[in-house]
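Report on the following structure.
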Amino acid sequence: MRLVLAGTGSAVGKTTISTGIMHALSDEYIVQPFKVGPDYIDPTYHTLATGNYSRNLDSFFMGDSQIREGFERGMKISKADFGLIEGVRGLYEGISPTGDVGNTASIAKALEAPIVLILNARSLVKSAAAVVLGFKSLDPEVNIQGVILNQVKNRKHYLKTKEAVEKLTKTDVIGGIPRSDAIRVEDRHLGLVPAVERENIIESIHKWGVMIKENIDLDVLINLMKESKKLPNGRENLWEAVNRKKVKIGVAMDEIFTFYYRDNLDALEGNQAELVYFSPLHHDKVPDVDGIYIGGGYPEIFAAQLESNQSMRDSIKKFHQEGRPIYAECGGLMYLSRSINHHQMCDVFAYESFMTKKPQALSYVISQAAQDSMIANKGDIIKGHEFHYSKINLTHPKPQFAFEILRGRGIENKKDGMMLKNTIASYIHTHTAAYPTFASNFTISAGEL
């Protein structure tokens with residue numbers, strides 16, 4: 001009961017079409033959404049479309065058994081009828097030119113899931129068939145069962161292209177999406193603008209669902225999912241659950257800080273943590289908690305507003321000075337710095353952060369713990385990813401670092417994870433499957449004070 005919606009490349013309309021399909025099917029069924037790869041933004045659209053938290057599947061972070069565990073677990077939590085998985089970039093794009101790690105194909109193969117290929121058909125007819133043939137023949141283990149044509153000029157163009165693809169590739173074309181501004185989504189330097197920031201987003205998603213119903217044969221999609229094979233054997237837990245002491249973890253969550261993997265939050269709850277959500281933008285102070293988790297997001301967009309909330313900034317710095325654990329990733333790192341583009345922040349780390357025009361890092365990361373800390377033991381290998389347009393101006397004295405970067409860039413000189421007292425702030429985003437003791441170590445640290 002699963003299906004992968006993959007693209008021939010980036011910017012072919014995967015997110016709007018996938019979100020529209022999820023929303024259209026949710027009128028009658030329970031749909032569990034998934035996203036391939038290290039992506040926080042597309043899942044926000046999926047979640048609004050279905051009412052279920054979208055979850056990430058990533059073969060850099062996960063082995064095949066963890067991919068199946070993550071998928072099956074998500075389906076059970078939502079009691080879903082169908083699992084829809086939006087791919088990342090092109091179907092075969094991963095971390096190497098020839099391998100599968102990090103690509104959509106690896107997820108489809110681990111789950112033995114059928115694939116519907118989304119293709120930008122602008123100015124293509126017979127050539128669309130050549131594209132489909134190439135994708136089908138490259139890897140015989142990949143099961144492409146259908147095609148969706150996007151950017152179709154008119155009915156005549158759609159029918160001619162459909163005929164070419166079906167006759168020459170023996171693959172069903174299950175619909176064509178006309179060219180329309182209705183499926184364009186505002187973007188930003190890290191991708192699409194998060195759904196929480198967009199006005200009238202529910203109305204937009206509803207329009208995408210209507211567009212799908214009018215142009216896609218949903219019965220064919222449903223039949224493809226119903227005909228999918230039994231999920232292969234082999235499961236491996238996404239996290240270790242060893243903490244037995246109940247703790248409260250404050251999670252910064254608002255229109256600024258939204259970059260969290262749902263499985264990371266579940267892993268904390270699986271280690272006896274009660275999650276207490278708070279807003280660095282709207283609330284006056286940190287809630288009564290034992291530890292704080294500040295994820296990524298776009299603090300630079302709201303820097304002036306964050307600066308104006310001095311009581312919250314002071315509260316977080318006081319929490320830090322008391323030696324209570326704080327773990328921050330990327331946008332959270334910037335918030336804990338002295339300033340963002342000269343706007344005053346929490347000043348936990350006395351360094352300025354600033355935005356740049358070009359990306360400073362865009363990579364999967366492999367790091368090694370340089371010393372014991374609240375989330376890791378010396379020598380532990382932690383995988384993650386980094387994607388940011390900001391830098392930290394590290395003046396003297398330089399900070400103590402938690403991690404040595406084996407793959408990736410880090411903050412400076414292949415080092416990341418600034419440490420001070422019981423606070424760690426890093427450009428690395430990690431997923432619990434890539435470091436299964438993250439949540440247990442964090443909650444144990446929080447329970448020790």
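The values are calculated or read from the model by the stated rules, or taken from the named source; none is laboratory data. What you are looking at is a predicted structure, and each value in this text was computed from that prediction instead of being measured. FYI the Cβ positions are ideal-geometry reconstructions off the backbone, even for glycines, and counts take in every protein chain you see.
Conditions tested, residue by residue: (1) among the polar types (S, T, N, Q); (2) assigned by TED's automatic domain parsing to the domain that holds F354; (3) modelled with pLDDT under 95; (4) within 29 Å of F71 (Cα to Cα).
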{"site": "W239", "(1), (2), (3), (4)": "no, no, no, yes"}
{"site": "V251", "(1), (2), (3), (4)": "no, yes, no, yes"}
{"site": "D263", "(1), (2), (3), (4)": "no, yes, no, yes"}
{"site": "D266", "(1), (2), (3), (4)": "no, yes, no, yes"}
{"site": "Q272", "(1), (2), (3), (4)": "yes, yes, no, yes"}
{"site": "Y277", "(1), (2), (3), (4)": "no, yes, no, yes"}
{"site": "G295", "(1), (2), (3), (4)": "no, yes, no, yes"}
{"site": "Q305", "(1), (2), (3), (4)": "yes, yes, no, no"}
{"site": "N309", "(1), (2), (3), (4)": "yes, yes, no, no"}
**Prompt:** Inside the stretch 342-382, can you point out the residues that are crowded, with 16+ Cβ neighbours inside 10 Å and β-branched (V, I, T)?
**Reply:** V348, V365, I366, I375, I382
**Request:** Report, by residue number, each residue of the stretch 406-449 that is in contact with a His (Cβ under 7 Å, 6 or more places away or on another chain) and part of a strand (DSSP E or B).
**Result:** T423, H429
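In this structure, is K126 out of contact with any strand residue (DSSP E or B) (no Cβ under 8 Å at 6 or more places or on another chain), in contact (Cβ under 8 Å) with a residue 24 or more places away in the chain and more than 20 Å from G90 (Cβ to Cβ)?
yes
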**Asked** Pick from K213, K248, K226: which is basic (K, R) and closer than 30 Å to S180 by Cα?
**Response** K213
**Message:** Given (1) out of contact with any Asp or Glu (no Cβ under 9 Å at 6 or more places or on another chain); (2) not in a helix (DSSP H, G or I), identify the lone condition not met by S10.
**Reply:** (1)
**Complete:** Taking the stretch 383-421 and keeping only residues that are surrounded by 21 or more Cβ atoms within 10 Å (Cβ to Cβ) and in contact with a helix residue (DSSP H, G or I) (Cβ under 7 Å, 6 or more places away or on another chain), one is left with K383, G384, S390
**Request:** Among residues belonging to the stretch 272-302 that are more than 22 Å from the chain's Cα centre (by Cα) and surrounded by 24 or more Cβ atoms within 10 Å (Cβ to Cβ), point out the one that is nearest to F354 (Cα to Cα).
**Result:** G291
**Message:** For the structure I just gave you, tell me whether V242 is β-branched (V, I, T), more than 29 Å from S339 (Cα to Cα) and surrounded by fewer than 22 Cβ atoms within 10 Å (Cβ to Cβ).
**Reply:** yes
**Message:** Could you tell me how many of the residues in the stretch 70-108 are part of a loop (DSSP other than H, G, I, E, B) and among the acidic types (D, E)?
**Reply:** 3
**Message:** Would you confirm, using the coordinates I've provided, whether D42 is crowded, with 24+ Cβ neighbours inside 10 Å, touching a residue at least 40 places away in the same chain (Cβ under 8 Å) and within 18 Å of T19 (Cα to Cα)?
**Reply:** yes
**Asked** Can you list the helices (runs of 4 or more DSSP H) found entirely within the stretch 261-367 that contain at least 1 residues being more than 15 Å from V251 (Cβ to Cβ) and touching a residue at least 24 places away in the same chain (Cβ under 8 Å)?
**Response** 303-308, 310-321, 331-336
**Prompt:** Among the residues of the stretch 13-29, how many are on the phi > 0 side of the Ramachandran plot and not in a loop (DSSP other than H, G, I, E, B)?
**Reply:** 0
**Request:** For the stretch 225-249, name all the residues that are among the hydrophobic types (A, V, I, L, M, F, W, C), part of a loop (DSSP other than H, G, I, E, B) and within 20 Å of E269 (Cα to Cα).
**Result:** L238, W239, A241, V242
**Item:** Sole exception among (1) within 21 Å of F387 (Cβ to Cβ); (2) surrounded by fewer than 24 Cβ atoms within 10 Å (Cβ to Cβ) for G51, by number
**Value:** (1)
